[in-house]
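In what follows, a single structure is set out as structure tokens and then discussed.
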Amino acid sequence: VGDDAQSIYSFRGANYRNILDFPKLFDGTKIIKLEQNYRSTQNILNLTNTIISRAKEKFAKNLFSEIQSPVMPALICAKDTQMEADFICQRILELLDEDVSLSDICVLARNARMSYSLEIELSKRAIPFQKFGGPKFMETAHIKDVVAHLRVIINPDDIISLNRILLLLRGIGAATVNNIMPVIKGQLNPDVKLLPSNKATSIVPMLKTLDKLRNTIATKKPSDIVEEVINYYRPILKDKYDDFSKREKDLDHFQYLAGQYSNLEDFISDMALEPPDASVEGMYKRNSDDEALTISTIHSAKGLEWDSVFIIGAVDGRFPSAYSFNSEEEMDEELRLMYVATTRAKNNLYITYPVDMYDYSMNMVLSKPSRFLDRIPDDILELWDITEG
């Protein structure tokens, strides 16, 4: 038993030809298609059938369901990732009012980084969530490092953050930090003579950088201050992490988030918010203490199902990935990935894309919806434009 339409693990060595070529390899093979679906409404299956029909190679199937609903899958166009996150949070709250359990709602992403803006917005709104397929944005060590620098700029008396950034410096250990903390606590321009001479060359440049930035808080935009902190931190990142090139993309996104704020303290306050372990009493209808929204990569969600599913960041160049554009096989796998994502939904399916997504690796703005959703009739996929108004 197998489904060629759900072969999405080539990066682990899986080969979809194993099932496509099976009838050729074994004479007398009889193919029995299991086309009745017991999970999704027929409206959702109309969309998934349309998507997978575009695969270059496949066993043709037409899924059907006896579950009928007037609700249509929707493609939502948002101005940017912030508006996309706002829409998803608002719709989640509406679903809770409609008696959908928070644990029966899922947000799916092509990769773990695509949900970062949403994670911040969920935290601001105290909507608890669990994430699979990648770390939460604010739990990654390199983002914590940058936030610690910004915290010290705002408040030189922040001993915890100061301790963290001092330990990032070469040749500075816990013993040194304990010895120098009384000297630099609460000030970013201490008397250099009071610092150990063999350690001053590491510590002083950092303190001067942070002191200079502290004096510009009132005149500089938060994104400019964040950019300078990241430029200072980048050599530390390269020295500390073997996978620094992947982590640099997170720093780019962190700077993008900062660009949405006019006040550095507000930005850091929002970054510091942690999703609650339990929902606020009375905030969510029918929501028990252990319920949480699921955020997952599509690969981690295969085989699972939810009442309501959001597929986030469905912009061409991200989903499908631009790296698959020149390979028919890779493009077909991206298409199957979209198929797997859309077939996770039972009753409600929302696919969102921003029209102003900047891709740092390609140095271009991505603005078109996924080609997998192109030219799908309105009676199969409703189009919602929330950029107006």
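General remarks:
- Scope region 122-146; condition assigned to a helix (DSSP H, G or I), surrounded by 20 or more Cβ atoms within 10 Å (Cβ to Cβ) and in contact with a helix residue (DSSP H, G or I) (Cβ under 7 Å, 6 or more places away or on another chain); matching residues: 122, 137, 142, 143, 145, 146
- The test for being under 22 Å from residue 314 (Cα atoms), open to solvent by 20 Å² or more (accessible area, probe 1.4 Å) and either charged (D, E, K, R) or part of a helix (DSSP H, G or I) (or both) holds for residue 83.
- The conditions of being in a helix (DSSP H, G or I) and open to solvent by 10 Å² or more (accessible area, probe 1.4 Å) are not met by residue 165.
- Selection count, region 153-183, where residues are over 31 Å from the mean Cα position of the chain (by Cα) and either within 23 Å of residue 218 (Cα to Cα) or touching a residue at least 24 places away in the same chain (Cβ under 8 Å) (or both): 5
- Failed criterion for residue 11 (all others in (1) open to solvent by less than 100 Å² (accessible area, probe 1.4 Å); (2) out of contact with any helix residue (DSSP H, G or I) (no Cβ under 6 Å at 6 or more places or on another chain); (3) not in a loop (DSSP other than H, G, I, E, B) hold): (1)
- Residue in region 69-80 that is without any contact (Cβ under 8 Å) to a residue 60 or more places away in the chain and either surrounded by 19 or more Cβ atoms within 10 Å (Cβ to Cβ) or over 11 Å from the mean Cα position of the chain (by Cα) (or both) present: yes
- The single residue among 94, 57 that is within 24 Å of residue 302 (Cα to Cα) and of a type outside the set (Gly, Ala, Ser) turns out to be 57.
- Condition check for residue 199 on (1) open to solvent by 40 Å² or more (accessible area, probe 1.4 Å); (2) modelled with pLDDT of 80 or more: one failure, at (2).
- Verdict on residue 340 being surrounded by fewer than 24 Cβ atoms within 10 Å (Cβ to Cβ), in contact with a helix residue (DSSP H, G or I) (Cβ under 8 Å, 6 or more places away or on another chain), of a type in the set (A, V, I, L, M, F, W, C) and outside any loop (DSSP other than H, G, I, E, B): yes
- Within region 226-249, if we keep just the residues that are touching a residue at least 24 places away in the same chain (Cβ under 8 Å) and not hydrophobic (A, V, I, L, M, F, W, C), the residue that is surrounded by the most Cβ atoms within 10 Å (Cβ to Cβ) turns out to be 233.
- Filtered residue count, region 305-337, keeping only those that are modelled with pLDDT under 95, crowded, with 23+ Cβ neighbours inside 10 Å and in a strand (DSSP E or B): 1
- Criterion violated by residue 57 - all others in (1) more than 13 Å from residue 340 (Cβ to Cβ); (2) open to solvent by less than 40 Å² (accessible area, probe 1.4 Å); (3) charged (D, E, K, R) satisfied: (2)
The values are calculated or read from the model by the stated rules, or taken from the named source; none is laboratory data. Quantities reported herein were computed from a predicted structural model and do not represent experimental measurements. Note that we place each Cβ from the backbone using ideal geometry, even for glycine, and neighbour counts take in every protein chain shown. Please note that ligands, DNA and RNA were not included when accessible areas were found on the heavy atoms of the full protein model with its side chains. Shrake-Rupley method; radii C 1.70, N 1.55, O 1.52, S 1.80 Å.
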